[in-house]
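Chemist: I am attaching a structure below and will ask some questions about it afterwards.
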Amino acid sequence: MRILITGAAGFLGSHLCDRLLTEGHTIIGMDNFITGSPDNIAHLAGNENFSFYKRDVSNYLFVPGKVDAILHFASPASPNPQSPSGYFNLPIQTMKAGALGTHNCLGIARAQNARFLLASTSEIYGDPEVHPQKETYAGNVDPVGTRAVYDEAKRFAESLTMAYHRAHGVNTSIVRIFNTYGPRMDLEDGRALPNLLKQALLDQPLTVYGTGGQTRSFCYVDDLVDGIIRLLYSDEHMPVNIGNPNEMTILQFAQAINKIVGNKAGITYVPDARSERDPQRRQPDITRAREILGWEPKVSLEEGIRRTIPFFKQKLGVA
Ligand code: UDP
């Protein structure tokens, strides 16, 4: 297939490029580098099956030649208010990538009769009142809250995707991505894994926000990419959660990182650092992914962190 990937220079986009190239596809990557990095795709320069366009997906997009599939992954995605690359600090760009970017990609999918895959998010569930989250749960999002620029853009993107499917018969799919980690994460984007692993490798105490009693479920990137590719190859149209159901508190997560790295500096609590409406609990129900895609994660937290450490050490310049 000839596949367009927006957000190709991002954490997930670049892993998708690698994996789909390995499977023999031709990839057209797009990114405007507002949160992605040229470093993530530098190794693909010279690959005859990879081409790249520096574009903002919220503007009209033109792709020469036939396109068989479109994976729309372009968007800021970090919820950390302190981070310049977080969506709190890129509010309009985030809404445009989710709304106008999705519209442009769906337009190409319709014109080209291509499979479309939307990168959606567990954030569409907001601060969930139902646990674990099944795809049938409609969510708890404040449309004027500060996280809304991301959450509502992705909710709109899902609605628009289903509208193109229902009105125009476009072959669409929606993946709801839960917390994911691995090499090529932005060390400075303020999310839990980059912050905590960086601190552990620098022998610093790990910053646990609030009491650390809030939960997340962390998926290693290779598992996530495997699930997304299965969804791409399927003919499913309704949303599918992809994530690791292994739920833990952020305190347990920090303690696990300290143990794996051998960091003796412990934990420091930062009581006021949680963002507004930081979800208290988050865990995917992956029954649909198991049944429809035959998918479930395979990499343990310990193994995933071990595989992530060399990238972080290289970026930090530590041995
Ligand atoms: N968090 C933390 N310390 C950090 C960074 C994040 O305790 O240095 C917490 C944050 O408050 C949230 C959880 O870790 O409850 C996950 O945050 P992240 O930014 O990774 O993304 P989210 O899951 O909220 O989308």
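Chemist: Please express the Cα-Cα pair-distance distribution P(r) of the range 234-317 as a list of whole percents, one per 10 Å bin, running from 0 to the bin with the greatest distance.
Modeler: All Cα pairs, binned at 10 Å, distribute as 13, 32, 34, 18, 3 percent.
Chemist: Residue 1 to residue 82: extension gain in nm, 0.36 nm per residue of separation minus the Cα-Cα distance?
Modeler: Working: separation 81, 0.36 × 81 = 29.16 nm, distance 4.00 nm.
Result for the pair: 25.2 nm of gain on full extension.
Chemist: Test of the criteria: in the range 1-76, which trypsin sites (Lys or Arg not before Pro) are in a DSSP loop and have at most 13 other Cβ atoms within 10 angstrom of their Cβ?
Modeler: 66
Chemist: Computed FRET efficiency, Cβ-Cβ of residue 235 and residue 89, R0 45 Å: what is it to the nearest 0.05?
Modeler: The pair residue 235/residue 89 has a calculated efficiency of 0.70.
Chemist: In addition: Hey, what did the range 66-116 get for relative contact order, percent, Cα under 8 Å, at least 6 apart?
Modeler: Values: 54 pairs, mean separation 23.4, N = 51.
That works out to 46 percent.
Chemist: Under a 1.4 Å probe, what is the accessible area of the chain per residue, stated in Å²?
Modeler: Details: 13180 Å² over 319 residues.
Per residue, the chain has an accessible area of 41 Å².
Chemist: From the phi angles alone, apply the Karplus equation (6.51, -1.76, 1.60; θ = phi - 60°) to the range 153-163 and give each ³J(HN,Hα) in whole Hz, x where the residue is Gly or Pro.
Modeler: Residue by residue, the range 153-163 yields 4, 6, 5, 4, 4, 5, 4, 5, 4, 5, 5 Hz.
Chemist: Using only the Cα atoms of the range 28-127, build the gyration tensor, take square roots of its eigenvalues as a ≥ b ≥ c, and label the shape rounded, prolate or oblate: rounded if a/c is under 1.5, else prolate if a/b is larger than b/c, else oblate. Intermediate values should be presented prior to the final figure.
Modeler: Working: a/c = 2.06, a/b = 1.32, b/c = 1.56.
Oblate.
Chemist: Hey, what D do you get for the range 116-237 in µm²/s if you plug the Kirkwood alpha-carbon radius into Stokes-Einstein at 4 °C and 1.567 mPa s? Before the final figure, lay out the partial values.
Modeler: Values: Rh = 16.5 Å.
Estimated via Stokes-Einstein, D reaches 79 µm²/s.
Chemist: On to the next question. Got a sec? Charge dipole of the chain, +1 on Cβ for Lys and Arg, -1 for Asp and Glu; which of 98, 4, 212 is way out at the positive end?
Modeler: 4
Chemist: Just the Cα atoms of the range 1-52: what Rg and Dmax do they give in Å?
Modeler: 9.6, 29
Chemist: Continuing with the same structure: So if we plug the beta-carbon distance of residue 313 and residue 100 into 1/(1 + (r/R0)^6) with R0 = 45 Å, what FRET efficiency do we get, rounded to 0.05?
Modeler: 0.70
Chemist: Related question: Please report how far the C-alpha centroid of the range 78-114 lies from that of the range 1-64, rounded to the nearest whole angstrom.
Modeler: That distance is 15 Å.
Chemist: What ranking, highest mean first, results for peptides 214-224, 6-16 when packing means the other Cβ atoms within 10 Å averaged over each residue? Write down the numbers at each step before the final one.
Modeler: Numbers: 214-224: 21.9, 6-16: 26.0.
Per-residue Cβ counts within 10 Å, averaged per peptide and sorted highest first, yield 6-16, 214-224.
Chemist: Viscosity 1.002 mPa s, temperature 20 °C: Stokes-Einstein D of the chain from its Kirkwood Cα radius, in µm² per second? All intermediate terms of the calculation are to be shown ahead of the outcome.
Modeler: Working: Rh = 19.7 Å.
Reported coefficient: 109 µm²/s.
Chemist: Right, another one. Under 14 Å Cα-Cα from residue 154, which aspartates and glutamates qualify once same-chain neighbours fewer than 8 residues away are excluded?
Modeler: Correct list for residue 154: 123, 142.
Chemist: Would you mind calculating the relative contact order of the chain from Cα pairs under 8 angstrom and at least 6 residues apart, reporting the percent as a whole number?
Modeler: On the way: 672 pairs, mean separation 54.4, N = 319.
Answer for the chain is 17 percent.
Chemist: Over the range 172-319, what per residue volume does the convex hull of the Cα atoms give, in whole Å³?
Modeler: Per-residue hull volume (Cα only) is 111 Å³.
Chemist: Over the range 220-275, what number does the Rg to Rh ratio reach, with both radii from the alpha-carbon atoms and Rh per Kirkwood?
Modeler: On the way: Rg = 17.1 Å, Rh = 14.6 Å.
That ratio equals 1.17.
Chemist: List the residues whose amide H sits under 5 Å from the amide H of residue 191, counting only those 5 or more places along or on another chain, with H placed 1.01 Å from N in the peptide plane.
Modeler: Long-range HN contacts for residue 191: none found.
Chemist: Next question, about the same structure. One quarter of the convex hull surface, Cα atoms only: what value does that give for the range 174-251 in nm²? All intermediate terms of the calculation are to be shown ahead of the outcome.
Modeler: Details: hull surface 24.1 nm².
Projected area, direction-averaged: 6.0 nm².
Chemist: Can I ask one more? Would you work out what percent of the accessible area of the chain, with all protein chains in place, is carbon or sulfur (probe 1.4 Å)? Walk me through the numbers on the way to the answer.
Modeler: Numbers: 6730 of 13180 Å².
Answer for the chain is 51 percent, counting heavy atoms of protein chains only.
The values are calculated or read from the model by the stated rules, or taken from the named source; none is laboratory data. Please read these numbers as outputs of a predicted model, since none were measured by experiment. Positions of Cβ are generated from backbone atoms using ideal geometry, with glycine treated the same way; all protein chains shown enter the neighbour counts. Just the protein is used for accessible areas: all its heavy atoms, side chains included, with ligands, DNA and RNA removed. Shrake-Rupley method; radii C 1.70, N 1.55, O 1.52, S 1.80 Å.
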